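The values are calculated or read from the model by the stated rules, or taken from the named source; none is laboratory data. Here the structure is a predicted model, which means the values were calculated and not measured. Don't worry about glycine lacking a Cβ; one is built from the backbone with ideal geometry, like all the others, and counts go over all protein chains shown.
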């Protein structure tokens, strides 16, 4: 709820704000950068405080990523696809979810996201079967 409210208040639910940031011309809009930096700063402080606890509130232990793991091809390709979709549409899935029932074209975007997830699941099953 706080995340969604922050997106709405900061204007990050408007695709024009995102595209204004991604378009490096005389009309460049740096507001996304300020939202990003404030989120990173807040997370840097709060993450340290949370990790001082013995366990998370709704789990027996913290499940953190292995920092020694190297990025693999799946991570790099997935990141590139996510970035391409974000850059082409100006919509990240979080803001798109908020706008799903407000803007008609965003509903189509969310259908495309769902379709992409289904395609991924099928391809991932094939990948895991071949790997085994």
**Fill in**
When residue 129 is run through (1) closer than 26 Å to residue 3 by Cα; (2) surrounded by fewer than 10 Cβ atoms within 10 Å (Cβ to Cβ); (3) more than 22 Å from the chain's Cα centre (by Cα), the failure sits at (1)
**Residue selected from the range 34-55 under the condition modelled with pLDDT of 90 or more and either part of a loop (DSSP other than H, G, I, E, B) or touching a helix residue (DSSP H, G or I) at 6+ places or on another chain (Cβ under 7 Å) (or both), by the criterion farthest from residue 92 (Cα to Cα)** = 54
**Item:** the range 12-24, residues that are closer than 13 Å to residue 92 by Cα and part of a loop (DSSP other than H, G, I, E, B)
**Value:** 12, 13, 14
**Message:** Pull out all pairs, ordered by first then second residue, where Cβ-Cβ is under 8 Å, the residues are six or more apart or on different chains, the first lies in the range 35-51 and is at positive phi and loosely packed, with under 10 Cβ neighbours inside 10 Å, and the second is at pLDDT below 90 and assigned to a helix (DSSP H, G or I).
**Reply:** none
**Asked** Within the bounds of the range 103-118, is there any residue that is part of a loop (DSSP other than H, G, I, E, B), touching a helix residue (DSSP H, G or I) at 6+ places or on another chain (Cβ under 9 Å) and closer than 21 Å to residue 9 by Cα?
**Response** yes
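Look at residue 107 and say whether it is at pLDDT 80 or above and surrounded by fewer than 17 Cβ atoms within 10 Å (Cβ to Cβ). If you could, list the steps in order and put the result at the bottom.
Numbers: at pLDDT 80 or above: yes; surrounded by fewer than 17 Cβ atoms within 10 Å (Cβ to Cβ): yes.
The answer is yes for residue 107.
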**Restricting the range 76-102 to residues that are surrounded by fewer than 13 Cβ atoms within 10 Å (Cβ to Cβ), assigned to a helix (DSSP H, G or I) and over 14 Å from the mean Cα position of the chain (by Cα), the residue that is modelled with the lowest pLDDT** = 88
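Is it the case, given these coordinates, that residue 124 is assigned to a helix (DSSP H, G or I) and modelled with pLDDT of 80 or more? Full working, then the answer.
On the way: assigned to a helix (DSSP H, G or I): yes; modelled with pLDDT of 80 or more: yes.
Criteria met by residue 124.
Could you go through the range 18-29 and let me know if any residue there is surrounded by 10 or more Cβ atoms within 10 Å (Cβ to Cβ), within 15 Å of the chain's Cα centre (by Cα) and at pLDDT below 90. Working first, answer last.
Taking the range 18-29 as the starting set, the residues that turn out to be surrounded by 10 or more Cβ atoms within 10 Å (Cβ to Cβ) are 18-23, 28-29.
This time we only want the ones that are within 15 Å of the chain's Cα centre (by Cα), so: 18.
Of the ones still in play, those that are also at pLDDT below 90 are 18.
Taking every residue of the range 18-29 in turn, at least one turns out to be surrounded by 10 or more Cβ atoms within 10 Å (Cβ to Cβ), within 15 Å of the chain's Cα centre (by Cα) and at pLDDT below 90.
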